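J.: Can you keep this structure in mind? I'll have questions shortly.
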Amino acid sequence: LGSTTVIATDKTLTLTEGKMEVEELWLLNPQERETALRIAALANEAFIENPEAVFEQWKIKGRPTDQALLKLATQAGVSRLAIEKEMPLLEKIPFSSDRRFMATFHKEKEGVLLSLSGAPEKVLTFVSSIGTEERKSIEEHVLLMTERGLRVMAFANKHIECKEFERSKDLFSYLLDISFVGLVAMKDPLRKGAKESIHLAKSAGVKTILVTGDHMLTAKAVAQELGIEEEDVYARVDPAEKMRIIEAWQKKGEVIAMTGDGVNDAPALKKADIGIALGSGTDVAKEAADLILIKDQFSIIPAAIEEGRIIADNIRKVITYMLSGTFTET
């Protein structure tokens, strides 16, 4: 650890607090606010551990993005539990870092409702019912939001007739001709001391690179705020690409430490010279890592590197002392 020259870190939880808050909801059709809120509630893997408690005491579990969307819907009076009593969940395509979207299928009176949320550029590949000007307007709003350092998600849905829906059928085959609904932008506050820690690492000769699944403009805006150079930013990265990034730096002779939290991060954590799993991460990531970052704070990593250098320096001093004493006796 004391020999580390490069730290590859994700943005969420390590550099930010992981407490997403919705900043803006933009709709293609202003009359579809209720539709957007229902998608936020249904295309969501977060859940409330104690729904019987008052809102201020809720314990919401799940990805920070899903938590923020669930709060948005619930505060607006849209309850997933209430909806699912009338519209039971039939199937779902869970979120994954390589797919960058999730979809749910709920039973309606006259068919099946498909709700979709995910990265805007991914969701737009499933949308064909909008014109050139509308698509241009969507893309412009995505740019405006990401340039402010916000994480942007897109909402879309589709009503499928009963006779056309088969649970045994490939669910991805239904992701065609979906109707675009809107965009939601979220802000994740930077961790206190993160910027100072990156500066401290830089002054000690350790480069920090940002490796994230976020949009490039969002990643660049956050990097600029933290003092990370633009050329050290990797955006829209999937787990397989993390391996390539690590290998590229290792071929340059660098000793690289990498943070990770998901099941898919395990190979990259093993490949890195120092694999660092987040304390809030999965058991698979923790087992694959060399170290566990208990409080998820980036500031602990430069401090640990400093301690590693002190230990290494002390070992050198002891060896030098013992060798000099041995030569004298000889």
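J.: Can you give me the number of residues within the stretch 86-111 that are of a type in the set (Gly, Ala, Ser) and open to solvent by 40 Å² or more (accessible area, probe 1.4 Å)?
T.: Applying the first criterion (of a type in the set (Gly, Ala, Ser)) to the stretch 86-111 yields 96-97, 103, 111.
Then drop every residue that is not open to solvent by 40 Å² or more (accessible area, probe 1.4 Å), which leaves 97.
Looking only at that region, the number is 1.
J.: I need the full set of residues from the stretch 262-276 which are farther than 18 Å from ILE209 by Cβ and free of Cβ contacts under 8 Å to residues at least 24 places away in the same chain, in order please.
T.: VAL263, ALA266, LYS270
J.: Here's a follow-up. Being within 19 Å of LEU25 (Cα to Cα), among the hydroxyl-bearing types (Ser, Thr, Tyr) and more than 20 Å from the chain's Cα centre (by Cα) narrows it down to one residue among SER117, SER79; which is it?
T.: SER79
J.: Then there's this: Against the conditions (1) surrounded by 14 or more Cβ atoms within 10 Å (Cβ to Cβ); (2) under 30 Å from ALA312 (Cβ atoms), where does ILE83 fall short? Just the number, please.
T.: Result: ILE83 passes all but (2).
J.: Just checking, does the stretch 112-127 include any residue being farther than 27 Å from LEU190 by Cα, assigned to a helix (DSSP H, G or I) and open to solvent by 60 Å² or more (accessible area, probe 1.4 Å)? It would help to see each step written out before you state the result.
T.: Filtering the stretch 112-127 down to residues farther than 27 Å from LEU190 by Cα leaves 112-116, 123-127.
Applying the additional criterion that residues be assigned to a helix (DSSP H, G or I) yields 123-126.
Remaining after also requiring open to solvent by 60 Å² or more (accessible area, probe 1.4 Å): 125.
Within the stretch 112-127 (the criterion being farther than 27 Å from LEU190 by Cα, assigned to a helix (DSSP H, G or I) and open to solvent by 60 Å² or more (accessible area, probe 1.4 Å)), the answer is yes, since at least one residue qualifies.
J.: Please specify each residue of the stretch 301-330 satisfying the condition of being among the β-branched types (Val, Ile, Thr), at pLDDT 90 or above and open to solvent by 50 Å² or more (accessible area, probe 1.4 Å).
T.: Across the stretch 301-330, the qualifying residues are ILE310, ILE311, ILE315, VAL318, ILE319, THR320.
J.: Suppose the filter is without any contact (Cβ under 8 Å) to a residue 24 or more places away in the chain and touching a Leu at 6+ places or on another chain (Cβ under 6 Å); does LYS107 pass it? Steps first, answer last, please.
T.: Details: without any contact (Cβ under 8 Å) to a residue 24 or more places away in the chain: yes; touching a Leu at 6+ places or on another chain (Cβ under 6 Å): yes.
In short, yes.
J.: Considering each of MET145, MET186 in turn, give the residue that is in contact with a strand residue (DSSP E or B) (Cβ under 8 Å, 6 or more places away or on another chain) and either in a loop (DSSP other than H, G, I, E, B) or under 17 Å from ASN44 (Cβ atoms) (or both).
T.: On the way: MET145 fails: either in a loop (DSSP other than H, G, I, E, B) or under 17 Å from ASN44 (Cβ atoms) (or both).
MET186 is the lone residue from the list that is in contact with a strand residue (DSSP E or B) (Cβ under 8 Å, 6 or more places away or on another chain) and either in a loop (DSSP other than H, G, I, E, B) or under 17 Å from ASN44 (Cβ atoms) (or both).
J.: Let me ask something else. Among the residues of the stretch 63-80, which ones are of a type outside the set (S, T, N, Q) and open to solvent by 40 Å² or more (accessible area, probe 1.4 Å)?
T.: Residues satisfying the conditions are ARG63, LYS71, ALA76, GLY77, ARG80.
J.: Within the stretch 240-249, is even one residue within 17 Å of THR14 (Cα to Cα), touching a strand residue (DSSP E or B) at 6+ places or on another chain (Cβ under 7 Å) and surrounded by 14 or more Cβ atoms within 10 Å (Cβ to Cβ)?
T.: Among the residues of the stretch 240-249, at least one is within 17 Å of THR14 (Cα to Cα), touching a strand residue (DSSP E or B) at 6+ places or on another chain (Cβ under 7 Å) and surrounded by 14 or more Cβ atoms within 10 Å (Cβ to Cβ), which makes the answer yes.
J.: How about the stretch 29-62: which of its residues are out of contact with any Leu (no Cβ under 9 Å at 6 or more places or on another chain), in a helix (DSSP H, G or I) and surrounded by 13 or more Cβ atoms within 10 Å (Cβ to Cβ)?
T.: Result: GLU32, single match.
J.: In the list THR104, THR65, which residue meets the criterion of being of a type outside the set (A, V, I, L, M, F, W, C) and not in a strand (DSSP E or B)?
T.: On the way: THR104 fails: not in a strand (DSSP E or B).
That would be THR65, the only listed residue that is of a type outside the set (A, V, I, L, M, F, W, C) and not in a strand (DSSP E or B).
J.: Test GLU133 against the criterion of being loosely packed, with under 14 Cβ neighbours inside 10 Å, modelled with pLDDT of 95 or more and not small (Gly, Ala, Ser), and give yes or no.
T.: Numbers: loosely packed, with under 14 Cβ neighbours inside 10 Å: yes; modelled with pLDDT of 95 or more: no; not small (Gly, Ala, Ser): yes.
The answer is no for GLU133.
J.: When you look at ILE138, is it open to solvent by less than 40 Å² (accessible area, probe 1.4 Å), out of contact with any Ser or Thr (no Cβ under 9 Å at 6 or more places or on another chain) and more than 26 Å from VAL237 (Cβ to Cβ), yes or no? Lay out the reasoning, then the answer.
T.: Numbers: open to solvent by less than 40 Å² (accessible area, probe 1.4 Å): yes; out of contact with any Ser or Thr (no Cβ under 9 Å at 6 or more places or on another chain): yes; more than 26 Å from VAL237 (Cβ to Cβ): no.
In short, no.
For (1) more than 22 Å from ASN44 (Cα to Cα); (2) aromatic (Phe, Trp, Tyr); (3) at pLDDT 95 or above; (4) not in a helix (DSSP H, G or I), each residue gets a yes or a no:
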| residue | (1), (2), (3), (4) |
| --- | --- |
| SER129 | yes, no, no, yes |
| HIS141 | yes, no, yes, no |
| HIS159 | no, no, no, yes |
| LEU176 | no, no, no, yes |
| VAL181 | no, no, yes, yes |
| LYS195 | yes, no, no, no |
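J.: Could you check the stretch 154-174 and list, in sequence order, the residues that are hydrophobic (A, V, I, L, M, F, W, C) and open to solvent by 20 Å² or more (accessible area, probe 1.4 Å)?
T.: Step one: list which residues in the stretch 154-174 are hydrophobic (A, V, I, L, M, F, W, C), which gives 154-156, 160, 162, 165, 171-172.
Once the filter is applied, which keeps residues that are hydrophobic (A, V, I, L, M, F, W, C) and open to solvent by 20 Å² or more (accessible area, probe 1.4 Å), the stretch 154-174 yields CYS162, PHE165, LEU171, PHE172.
The values are calculated or read from the model by the stated rules, or taken from the named source; none is laboratory data. Keep in mind that what you see is a predicted model, and the values were worked out from it rather than measured. Glycine also receives a Cβ, built like all others from the backbone with ideal geometry; neighbour counts cover every protein chain displayed. Ligands, DNA and RNA are excluded from the accessible area calculation, which covers all protein heavy atoms including side chains. Shrake-Rupley method; radii C 1.70, N 1.55, O 1.52, S 1.80 Å.
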